[in-house]
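Student: Take a look at this one; I'll ask things after.
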């Protein structure tokens, strides 16, 4: 391993905040990273990290090296992208990260077709709902639900993401059809509860177009939307769900939209994120393929919801 590679490894350790996390990303043992950082310090003749058994901090020299390593990564990335764009046929590794359900349902079909068209492109798909630094972890594209928070990334909206209130016919038979948001608040709900946020209330606009908020009676919580949907299909709860998690449950009569006259706020749209405007050919073509598959005006998942334009 040369000095450049060791500098980039040091940068990963600092960005991830630990040797263990950097090792997990590279799929190598922690001791390998520690040994390479030691060799880097020997090569440069200066200490870069102050280490304890549980943590580390940068020395003054280490801080300067991190600045140079960041510039070096950008330069190397730009160089590779320029070279790749001279290829007429897309090739190389395309690394994608996505929230789990969106990746399974909407990206995997695109990947299958994409690799038939461009067999020289390798694809690595990472499905995770955790927040991650796509630059330091080396991803070309990230697909996430929600408004952009990292201004250093390029964000392109892929599709809107409207909400519905849903229950089974069995649930309606047992609990009755709610006529108001107050009625709904008395019924058992399945709600999302993740590490970073919980959704236990619903926002909507009243008849005066004023934003209101109603707390829900959450009797079941999970951090996976498919699990919440399965719970609702059991007939024991209702759910307020983003449209993209649905398949044909409404058309087949398994789920019924409730309170369709209520104007719900739109859920966070679905975005694609990437680190540079100058995308390699393979990345740009894949991005275009995703947009084509999902639909540029009406998302593909809304086509299975009859009269959705007149709801909520």
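The values are calculated or read from the model by the stated rules, or taken from the named source; none is laboratory data. Everything quoted here is computed from the prediction, not taken from an experiment. Backbone-built Cβ (ideal geometry, glycine too); neighbour counts: all protein chains shown.
Student: Check residue 247 against each of (1) out of contact with any strand residue (DSSP E or B) (no Cβ under 6 Å at 6 or more places or on another chain); (2) part of a helix (DSSP H, G or I) and name the one condition it does not meet.
Tutor: Of (1) out of contact with any strand residue (DSSP E or B) (no Cβ under 6 Å at 6 or more places or on another chain); (2) part of a helix (DSSP H, G or I), only one is false for residue 247: (2).
Student: Taking residue 147 as the residue in question, decide whether it is more than 16 Å from the chain's Cα centre (by Cα) and either touching a residue at least 12 places away in the same chain (Cβ under 8 Å) or surrounded by fewer than 16 Cβ atoms within 10 Å (Cβ to Cβ) (or both).
Tutor: no
Student: Out of everything in region 256-286 that is assigned to a helix (DSSP H, G or I) and surrounded by fewer than 19 Cβ atoms within 10 Å (Cβ to Cβ), what residue ends up being modelled with the lowest pLDDT?
Tutor: Restricting to residues being assigned to a helix (DSSP H, G or I) and surrounded by fewer than 19 Cβ atoms within 10 Å (Cβ to Cβ), the top hit is 284.
Student: Mind checking which residues of region 197-217 are under 18 Å from residue 268 (Cα atoms), touching a strand residue (DSSP E or B) at 6+ places or on another chain (Cβ under 8 Å) and assigned to a loop (DSSP other than H, G, I, E, B)?
Tutor: Across region 197-217, the qualifying residues are 199, 200.
Student: Continuing with the same structure: Kindly indicate whether residue 240 is assigned by TED's automatic domain parsing to the domain that holds residue 191, surrounded by 15 or more Cβ atoms within 10 Å (Cβ to Cβ) and in a loop (DSSP other than H, G, I, E, B).
Tutor: So residue 240 fails the test.
Student: Go through region 196-211 and give me each residue that's within 14 Å of residue 261 (Cβ to Cβ) and surrounded by 13 or more Cβ atoms within 10 Å (Cβ to Cβ).
Tutor: Answer for region 196-211, where residues must be within 14 Å of residue 261 (Cβ to Cβ) and surrounded by 13 or more Cβ atoms within 10 Å (Cβ to Cβ): 204, 205.
Student: Quickly run through region 158-181 and pick out the residues that are over 16 Å from residue 265 (Cβ atoms), surrounded by fewer than 20 Cβ atoms within 10 Å (Cβ to Cβ) and under 33 Å from the mean Cα position of the chain (by Cα).
Tutor: 169
Student: On the given criteria, is residue 62 surrounded by 13 or more Cβ atoms within 10 Å (Cβ to Cβ), touching a strand residue (DSSP E or B) at 6+ places or on another chain (Cβ under 7 Å), under 20 Å from residue 2 (Cβ atoms) and outside the structural domain of residue 116 (by TED's automatic domain parsing)?
Tutor: yes
Student: Checking residue 173 against (1) out of contact with any strand residue (DSSP E or B) (no Cβ under 7 Å at 6 or more places or on another chain); (2) assigned to a loop (DSSP other than H, G, I, E, B): exactly one of these is not met. Which one?
Tutor: (2)
Conditions (1) assigned by TED's automatic domain parsing to the domain that holds residue 254; (2) within 18 Å of residue 312 (Cα to Cα); (3) out of contact with any strand residue (DSSP E or B) (no Cβ under 7 Å at 6 or more places or on another chain); (4) at pLDDT below 95, marked per residue:
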{"residue": "133", "(1), (2), (3), (4)": "no, no, yes, yes"}
{"residue": "169", "(1), (2), (3), (4)": "yes, no, no, no"}
{"residue": "187", "(1), (2), (3), (4)": "yes, no, no, no"}
{"residue": "190", "(1), (2), (3), (4)": "yes, no, no, no"}
{"residue": "219", "(1), (2), (3), (4)": "yes, no, no, no"}
{"residue": "223", "(1), (2), (3), (4)": "yes, no, no, yes"}
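Student: State which residue is surrounded by the fewest Cβ atoms within 10 Å (Cβ to Cβ) when the search covers only region 182-192 and only residues that are more than 16 Å from residue 242 (Cβ to Cβ) and touching a residue at least 24 places away in the same chain (Cβ under 8 Å).
Tutor: Of everything passing the filter in region 182-192, 182 is surrounded by the fewest Cβ atoms within 10 Å (Cβ to Cβ).
Student: Would you check if there is a residue in region 290-298 being part of a helix (DSSP H, G or I) and modelled with pLDDT under 90?
Tutor: Within region 290-298 (the criterion being part of a helix (DSSP H, G or I) and modelled with pLDDT under 90), the answer is no, since none of the residues qualifies.
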